[in-house]
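See below for the structure under consideration.
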Amino acid sequence: MSMVINKQLPLPVLLKEEYPLPPWAAQAKVRRDEEIRKIFTGESDKFIVLIGPCSADNEDAVCDYVSRLAKLGEQLSQRLMLIPRIYTNKPRTTGEGYKGMLHQPEPDKAPDLLAGITAIRKMHIRAIVETGLTAADEMLYPENRSYLDDLLSYEAVGARSVEDQQHRLTASSLDIPVGMKNPTSGDFSVMLNSVTAAQHPHNFIYRGNDVTTSGNPLAHVILRGGVDKYGACMPNYHYEDLVRLLEMYEKRPLENPAAIIDVNHSNSNKQHKEQIRIVSEVLHSRNYNPKLKKLIKGVMVESYLEEGCQTIGGEHIYGKSITDPCLGWEDTQRLLYKIAENC
């Protein structure tokens, strides 16, 4: 095989022992997980906002952002459940480019996976300890999530992974909400098939073990837009799209029907300022139709300390995305207040 083993990585249990979550923080996570669960089961009518940088590229900037978010969340806690995006794995369509802190804890240096798994665990722990907020991350590599599974309150399966069997089966083992994005084609059936698989028990191989899962009743969909055969973006956040999703959900015997609307990616054509307008349209649709109000549990927004994005290398601007462009902090504050008023 044309493969070279660079080094043996530690088992997740050993990394957790070396970098443990303090007991008081673990209890805080239990309480927060329960509050989030109640939103997806319909026991709470709070509105979820999954928000943060496109990629978590710098521990200080990310924790600074989450600290600001936590202070804002205290003011809006009657209406909103804020879940910071701390995304440490980045899918690359062609396999080229920055793959996230897991691969490159220092973005302008060579990959170092041992340093990476340590860095992402330490960053997630620091964010929880400093702010009390547990975060969301993307399940890009199903086996790698074991390094963070005691820290996360939400996971997303991306558009390029949602048809993969290992992702679906692993999602069936989670005891936290997992959002299954529509594939890049925009196909709703594929996305709902993935939710169906995640909600059922399975027997498979995971990290060299024969495992059986119980199914995840909190598995749900994320609409992120699609791309047609000509490469043009096809948004799916409009009222007609949401009604179609509702009708398709009603034909399936799924538990806790729920949807999160990703207002960036192919829904905004990566025009970051469009996220503000799209959130307003989603809230309007939700308030117009009582069934949609029950189905649409929240939105996903990309924002950071500074607006826009920058390239890796050269003069680095603190708190500015090195991948997709994001809203800046001032727009983020205004948007969150607006969501709280209108959700």
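Laboratory data are not the source of any read-out in this text; all were calculated from the coordinates shown. Given the structure is predicted, the values throughout are model-derived calculations rather than measurements. All Cβ positions, even for glycine, are placed from backbone atoms using ideal geometry, and neighbour counts span all protein chains on display.
Brief remarks follow.
- Neighbour-count ranking [beta-carbon atoms within 10 angstrom, fewest first] of Lys109, Lys270, Lys320: Lys109, Lys270, Lys320
- Residue-averaged 222 nm ellipticity for the chain, from DSSP H runs of 4+ at -39500 (n - 2.57), nearest 500: -12000 deg cm²/dmol
- For region 151-157, putting each phi into the Karplus relation 6.51 cos²θ - 1.76 cosθ + 1.60 with θ = phi - 60° gives couplings of 10, 8, 10, 7, 9, 10, 9 Hz, in residue order, rounded to whole numbers and with x for Gly and Pro.
- In this structure the amide hydrogen of Ser303, modeled in the peptide plane, comes within under 5 Å of the amide hydrogens of Gly52, Cys54, Leu327, none closer than 5 places in sequence on its chain.
- Dipole moment magnitude, nearest 20 debye, the chain about Cα centre, only Lys, Arg, Asp, Glu C-beta charged: 600
- At least 24 Å along the helix axis (C-alpha) and Kyte average at least 0.0, DSSP helices within the chain: 113-131
- Potential extension, Val190-Ser2 segment - 0.36 nm per residue separation minus Cα distance: 64.3 nm
- Potential extension, Lys71-Val211 segment - 0.36 nm per residue separation minus Cα distance: 46.3 nm
- Choice from Ser189, Ser303, Ser321 with maximal GNM fluctuation in the chain (Cα, 10 Å cutoff): Ser189
- Fraction of beta bridges assigned by DSSP in the chain that are antiparallel (%, nearest 5): 20
- Spacing of the modelled spin labels on Gln165 and Lys229, each 7 Å from Cα toward Cβ, amounts to 2.8 nm.
- Within a Gaussian network of the chain (alpha carbon springs, distance under 10 Å), most fluctuating of Gly208, Gly308, Gly231: Gly208
- For region 167-183, the Karplus equation 6.51 cos²θ - 1.76 cosθ + 1.60, evaluated at θ = phi - 60°, returns couplings of 5, 5, 5, 5, 4, 6, 9, 6, 10, 10, x, 10, x, 9, 6, 5, x Hz by residue, with Gly and Pro reported as x.
- Shape category assigned to the chain from the gyration tensor of Cα positions, a/c cut at 1.5: rounded
- Chymotrypsin sites (Phe, Trp or Tyr not before Pro) restricted to region 211-261 and DSSP loop, no more than 15 other C-beta within 10 Å: Tyr230
- Cα-based Lys proximity count in region 28-118, under 19 Å, for pairs eight or more positions apart or on separate chains: 8
- Region 212-243-region 1-55 distance, computed between alpha-carbon centres (Å): 23
- Scanning the chain for GluC sites (Glu not before Pro) in DSSP loops with at most 11 neighbouring Cβ atoms within 10 Å leaves 97-314 as the longest stretch between them.
- Each label point was placed 7 Å from the Cα along the Cα-to-Cβ direction; for Tyr288 and Arg126 their separation is 4.5 nm.
- Net charge over other residues, Cβ less than 15 angstrom from the Cβ of Ser153 (K, R count +1; D, E count -1): 0
- Projected label points at Glu274 and Gln333, each 7 Å from Cα along the beta carbon direction, are separated by 2.8 nanometres.
- Lysine pairs meeting the criterion (Cα under 19 Å, 8 or more apart or interchain), as found in region 184-304: 4
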